[in-house]
Amino acid sequence: MLLSTIPLLAQQVYRGDIAGVVYDSRSLEPLPQAHIMVVEETGIGAATDADGRFRLNGLKVGTYSLRISAVGYSPMVLTNVVVTTGRILPLQIKLDQTAIEVEEVTTEGSYFSRAQQLSPVSANIVNRSEVLRMPGGVQDVQRVLQNFPGVASSNDNMNELIVRGGAAYENLTIMDHMEIPSINHYANQFNSAGPINMVNADMIEDVQFSAGGFPAQYGDKTSSVMNLTVREGDRSRSFASKTAMNMAGIGTLLEGGIADGRGSYIFSIRNSLLEVVDKVMGLSTISLTAVPKYWDMQAKVVYDLSPSHTLMFSGLYGDSRIDLSGDPEEDDDLRRTVMDSSGVEKLYPRTKQLTAGLTLRTLLGRDGYSLFTVYTSGTTTDIDVREDFSVRQRGSAGEVLSHRVLSSRRVFSNWGSEAFVGGKVELFLKPHDRHELAAGLQLLTSRGWENDVYIAPDTARYDLNRDGVFETGPVVTPEGVYSQRVGFGGASKYYAFVSDKFTLSSRFHLTMGLRYDHFTYSGGGAFSPRLALSYAIVPGSATLTLATGRYAQVQPFPYYFDRRDIGYNRTLSDMRANHYVLGLDVVLGRGLKMSAETYYKEYDQVAVSEEFIYSAVDTFWSDRYLPTGRRESYGIEFLLEQKQVEDVYGTVSLSLSRTRETDPRIPPLVDRYASEFDYPLILTLIGGKVVKGVRTWLDDSPFFLKYPSYILPLSDEMEISFKFRYQTGRPYTPREFVGWKQIREGGVHWSRGAWVTSDDYNSARYADYSRLDLQWLSRFYFSNWNINVYVALMNVLNRKNVFYQNYRSDGTVETVHQFAFFPVVGIEAEF
């Protein structure tokens, strides 16, 4: 009823404002006398004042593009700037200095500013508006980054980033100058991804992303960098808010200015909507056996101590939990009229994450600026897995007529806490017109690392000569109970870097850098040289780029420990990768750019389980890791990007690649095999259209069109978009059900056989993945507030993409699929 009445209330013409600050991208000095023009409104614009601030008043609500220019700087066009009646979102605009006169730079080139890119190659940037509007992204910044070339994901349930053949734990995440293990709910030590992002997309200023070849400022990761900047609150108002509700959660954002505009605050808190529904209506009402329960909180406070000194606080907290229980009465048409027995697992994960820090930014005039940051970050994980072993009598349709629990036991548990505290200093200087220097150092030390693990014992027997007689008695793998403790200062990571961007000419730039990383716990350290070249073939239109460098990374922390606490994993060497990237960017027209890159990555010292190395011995067991793994990834990528011009936008992304690993087994069975991160073909298509004036047109139409249209939330500004993704199926290792090995199931009886892994490692693939998403966004404006209504249709074609294969103890296989078709409906109110 509410949605049907919205169009009746929103027919009046409303107006709003645009405000912001323009900076020099290198020194962060405010730029006076910069010009801001509204592309869609001829003659409407403003100039910045002495503090670099500007304001455009009285614009009709809607979506605009701004052209920003200043003498001595490359002009840029900022698209998708939404003017509303509810809030004024302050814009932070950075211009790049240029030796070329403004008139010589084409308008088309200015749609793709390099001012905020991490590096000349493999770099992209998305802003808040793009994260909020992206179809299929559900306002999750990492799901948006999956649209870029070279980025794969193994399944829909996670927002993981598999970048150019690298594992999800090889990605560096930075938020407001703080390195964070993960910004996702339900993350773990081996995967920084999760099903739900903790960062409120409405608090994002921009996200810089690099898929490789990044400079010396970034390290201790071998694949990618995601540098997220949280935006400031609106200094021009004491209070503004936004409340949003959709199937993922319900939350409120508050922001405003403090101390007469000398500072600002922005604060967000969100809670799982399904948890609220469960408390009010119960699980059966929403047809779920498990409800994700989480909440997160995020804040940023900025205060200008002086015109050249700014103090910033930023923090992020997340609490997530879920109870996943298998159903012993689940129907199975493969098991009709039989009595069977099997284990049903119950999984109880709990995760808490906190990151908070202070940054002092000091402007050094037009020469540069410095950053001093102190922060802490920690994650606590508690996982408990239990198994009920039951016997069941099934009917003619595979339904369970009765069941009885024979035994119950704990299978696995892990309580872990990783917390560190540290500080870093970064200095960015331009002492000469031809040199841009950057230098910095960071020290992170453990605030407390704890890891308590329990692994249930396992019992098996073997018919070694396959004659039907089990020669070995029960072979018992004892239960694993171990605990690790690293106290305050017991393990530290530190790095130092220096780099110089040398302008050889107005067209040719050379960036050289050197970095050193050290991990005190293992005693290992590594120097990492970096080099990048950029040549403007046609200034502002065509650029050739090249980058190479070495990248070292500390192994995932659990790899450094062992069950018996002997310490043979402690000196595990760092993983290393060499990057080689060649790229070409060409601006083809107004807001249209084509990018092509080819790359080669070679890894060594990848940690490999000794148990896998000697897997030819059936009874061999070890928890030692050896740095003997080698991997290579190579490919070619294309990106065609159309910024929003004439109310149309879209991208075409294509990646062709191979990722292979050298066989570390003794003896080796093959030379190389496909890596689990091998996705040879990835194609992503995105398109959108802003549709204006529909509500006004319907109101002027005959009654048989006008009045029925009020059933739908049709407005004078709507956006219709789609996303299609196709990806080669994930590789996996086939398994064979054999009778010569039996497992003691539930401690009650021997199984008929057991699944053993084939020697043909990753020789098979799941069916190729594809998915089509549609999204419809409608904006309604009122006096001093506005409402956004959106409908997202995920997996519209109901494609059955494989998640994994469940190998049952009776020799049958169950295929588990990813998300089927599901709609997401949301409503947002801004004041």
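Observations
- Meets criteria (at pLDDT 95 or above, among the basic types (Lys, Arg) and under 30 Å from Val126 (Cα atoms)) for Arg658: yes
- Subset of the range 157-179 [modelled with pLDDT of 90 or more and of a type in the set (S, T, N, Q)]: Asn159, Asn171, Thr173
- Some residue of the range 660-668 being in contact with a helix residue (DSSP H, G or I) (Cβ under 8 Å, 6 or more places away or on another chain), aliphatic (A, V, I, L, M), open to solvent by 30 Å² or more (accessible area, probe 1.4 Å) and in contact (Cβ under 8 Å) with a residue 40 or more places away in the chain: yes
- Of the criteria (1) modelled with pLDDT under 90; (2) of a type outside the set (Val, Ile, Thr); (3) within 30 Å of Phe54 (Cα to Cα), which one Leu273 fails: (3)
- So Ser182, is it hydroxyl-bearing (Ser, Thr, Tyr), modelled with pLDDT under 95 and outside any loop (DSSP other than H, G, I, E, B): no
- The residues on offer are Tyr535, Tyr521, and the sole one that is farther than 11 Å from Ala216 by Cα and over 30 Å from the mean Cα position of the chain (by Cα) is Tyr535.
- Test: residue in the range 215-229 that is touching a helix residue (DSSP H, G or I) at 6+ places or on another chain (Cβ under 9 Å) and of a type in the set (Gly, Ala, Ser): yes
- Thr380 meets all of the listed conditions (1) without any contact (Cβ under 8 Å) to a residue 40 or more places away in the chain; (2) among the β-branched types (Val, Ile, Thr); (3) farther than 30 Å from His177 by Cβ but one, namely (3).
- Test for Glu479: is it at pLDDT below 85 and either closer than 30 Å to Thr376 by Cα or acidic (Asp, Glu) (or both): yes
- The range 680-716, residues that are surrounded by fewer than 19 Cβ atoms within 10 Å (Cβ to Cβ), part of a strand (DSSP E or B) and within 32 Å of the chain's Cα centre (by Cα): Leu681, Leu683, Leu685, Gly687, Lys689, Val691
- Single unsatisfied condition, Gln208 versus (1) open to solvent by 10 Å² or more (accessible area, probe 1.4 Å); (2) under 17 Å from Arg730 (Cβ atoms): (2)
- When the range 524-578 is limited to residues that are among the hydroxyl-bearing types (Ser, Thr, Tyr) and more than 30 Å from Gly378 (Cβ to Cβ), the one that is most open to solvent (accessible area, probe 1.4 Å) turns out to be Tyr535.
- Test: residue in the range 167-181 that is aliphatic (A, V, I, L, M), open to solvent by 20 Å² or more (accessible area, probe 1.4 Å) and under 27 Å from Leu354 (Cβ atoms): no
- Flag for Ala115 being modelled with pLDDT under 90 and either assigned to a helix (DSSP H, G or I) or open to solvent by 20 Å² or more (accessible area, probe 1.4 Å) (or both): no
- Only one of the numbered conditions (1) more than 33 Å from the chain's Cα centre (by Cα); (2) open to solvent by less than 60 Å² (accessible area, probe 1.4 Å); (3) closer than 26 Å to Leu793 by Cα is not met by Val756, and that is (3).
- Within the range 233-260, the set of residues being open to solvent by 20 Å² or more (accessible area, probe 1.4 Å), in contact (Cβ under 8 Å) with a residue 60 or more places away in the chain and either polar (S, T, N, Q) or outside any strand (DSSP E or B) (or both) comprises Arg235, Ser236, Arg237, Thr243, Asn246, Met247, Ala248.
- Looking only at residues of the range 813-831 that are in a strand (DSSP E or B) and among the small types (Gly, Ala, Ser), we find that the one that is least open to solvent (accessible area, probe 1.4 Å) is Gly826.
- Subset of the range 726-753 that is open to solvent by less than 60 Å² (accessible area, probe 1.4 Å) and among the charged types (D, E, K, R) - its residue that is nearest to Thr815 (Cα to Cα): Arg730
- Take the conditions (1) surrounded by 15 or more Cβ atoms within 10 Å (Cβ to Cβ); (2) out of contact with any His (no Cβ under 9 Å at 6 or more places or on another chain); (3) in contact (Cβ under 8 Å) with a residue 60 or more places away in the chain; Leu429 misses just one of them, which is (2).
- Subset of the range 185-222 (residues that are in contact (Cβ under 8 Å) with a residue 60 or more places away in the chain, under 12 Å from Val141 (Cα atoms) and either of a type in the set (A, V, I, L, M) or out of contact with any Phe, Trp or Tyr (no Cβ under 9 Å at 6 or more places or on another chain) (or both)): Ile196, Met198, Val199, Asn200, Ala201, Asp202, Met203, Ile204, Glu205, Asp206, Val207, Gln208
- Any hit, the range 47-67, residues being assigned to a loop (DSSP other than H, G, I, E, B), modelled with pLDDT under 90, out of contact with any strand residue (DSSP E or B) (no Cβ under 6 Å at 6 or more places or on another chain) and surrounded by fewer than 18 Cβ atoms within 10 Å (Cβ to Cβ): no
- Selection within the range 68-85: residues that are in a loop (DSSP other than H, G, I, E, B) and under 15 Å from Asn788 (Cα atoms). The member of this set that is modelled with the lowest pLDDT is Thr85.
- Within the range 482-500, if we keep just the residues that are hydroxyl-bearing (Ser, Thr, Tyr) and modelled with pLDDT under 85, the residue that is surrounded by the fewest Cβ atoms within 10 Å (Cβ to Cβ) turns out to be Ser483.
- Flag if Arg672 is surrounded by 15 or more Cβ atoms within 10 Å (Cβ to Cβ) and not small (Gly, Ala, Ser): no
- Pair list, Cβ < 6 Å and 6+ apart or interchain, from the range 298-325 residues that are under 30 Å from Tyr348 (Cα atoms) to residues that are of a type in the set (Asp, Glu) and buried (at least 20 other Cβ atoms within 10 Å of the Cβ): Gly318/Asp296
- Within the range 717-746, being in contact (Cβ under 8 Å) with a residue 24 or more places away in the chain, in a strand (DSSP E or B) and farther than 23 Å from Asn795 by Cβ holds for Glu717, Arg735, Phe737, Lys741, Gln742, Ile743, Arg744, Glu745.
- Residue match in the range 640-650 (condition: at pLDDT below 90 and hydrophobic (A, V, I, L, M, F, W, C)): yes
The values are calculated or read from the model by the stated rules, or taken from the named source; none is laboratory data. These figures come from a predicted structure and were not determined experimentally. We place every Cβ from the backbone using ideal geometry, glycine too, and count neighbours over all the protein chains shown. Please note that ligands, DNA and RNA were not included when accessible areas were found on the heavy atoms of the full protein model with its side chains. Shrake-Rupley method; radii C 1.70, N 1.55, O 1.52, S 1.80 Å.
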